[in-house]
């Protein structure tokens, strides 16, 4: 149920949601406001929460993954090599990337390679 009293921006209904809540492991609808879940439950509980500006999406019985987060990691490799890795995600120019590479080369001990991620 919606215990926040906030009118949802979006309602997804007629779907299949896995909640990971042992007391209520499945739901058919969710209400979202400002990018956050404000209510999870059955279509009968959630759909009436819609206001005039609420967007409603009928999922046609399909399953939903609310967020896919890659939570795996290579802890040992990462820990052993963290100081020798150079991360280029988000770099917007070759000039910046080359300057970052130059700085990383200066602090990477020989005979190690610089690893660019």
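Somewhere in the stretch 61-77, is a residue within 25 Å of residue 12 (Cα to Cα), outside the structural domain of residue 110 (by TED's automatic domain parsing) and part of a helix (DSSP H, G or I)? No - not one qualifying residue is present in the stretch 61-77. Scanning the stretch 42-57 for residues that are in contact (Cβ under 8 Å) with a residue 40 or more places away in the chain and either surrounded by 14 or more Cβ atoms within 10 Å (Cβ to Cβ) or closer than 16 Å to residue 26 by Cα (or both) yields 45, 46, 49, 50, 54, 56.
The values are calculated or read from the model by the stated rules, or taken from the named source; none is laboratory data. If you're wondering where the values come from, they're calculated on a predicted model, not measured in any experiment. All Cβ positions, glycine included, derive from the backbone under ideal geometry; neighbour counts span all protein chains shown.
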